[in-house]
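Only one structure is covered here, and it is reproduced in the block below.
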Amino acid sequence: MDNLTPEQRRRNMQNIRSSGTRPEVLVMRELRKRKIYFAKHVKTLPGKPDIVFRRKKVAVFIDSDFWHGHPTNFIMPKTNEEYWSNKINSNKKRDRKVTLELQKQGWQVLRIWESDIKADIHKCINEILSQ
């Protein structure tokens, strides 16, 4: 049972961003500091990667621990478990499909967890730049 009214839930869900999230902003800021050129949220590529290096054909996705079901950090909500289980599993399935599609087109795909960015952003940046 949801403890919010439908209107409160609607407003809450509307405030959840798909782009411009804090982890994305931190990574992009660090790349700009290092004067690294990249494109962001390229709509012509499957899955609209968060960061794209066109010349190297590298697509980077910054995945939220919650929305993409991090293996250890994801905590299943206690309410409406069936809905959330289906939602997160379909997100994971879509992520795998997008990754395969990009790889078939010759792209190298890198997925970085939000928690890894919080733990050590410089390690994540170095991982991106090593591609």
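Any read-out appearing in this document is the output of simple, stated calculations on the displayed coordinates, not a laboratory observation. Model, not experiment: these values are computed from the prediction. As a convention, Cβ positions derive from the backbone with ideal geometry for all residues, glycine included, and neighbour counts pool all protein chains shown.
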Is at least one residue of the range 63-83 of a type in the set (D, E, K, R) and more than 30 Å from residue 3 (Cβ to Cβ)? no
Residues of the range 99-127 that turn out to be within 22 Å of residue 22 (Cβ to Cβ) and out of contact with any strand residue (DSSP E or B) (no Cβ under 6 Å at 6 or more places or on another chain), as a count: 13
Could you check the range 45-131 for strands (runs of 3 or more DSSP E) lying wholly inside it with 2 or more residues that are over 11 Å from the mean Cα position of the chain (by Cα) and of a type in the set (A, V, I, L, M, F, W, C)? 51-53, 58-63
Selection from the range 40-49 of residues that are under 17 Å from residue 105 (Cβ atoms) and either among the hydroxyl-bearing types (Ser, Thr, Tyr) or surrounded by 14 or more Cβ atoms within 10 Å (Cβ to Cβ) (or both): 42, 44, 45, 46, 47, 48, 49
Candidates 86, 91, filtered to the one that is of a type outside the set (Gly, Ala, Ser) and within 20 Å of residue 22 (Cβ to Cβ): 91
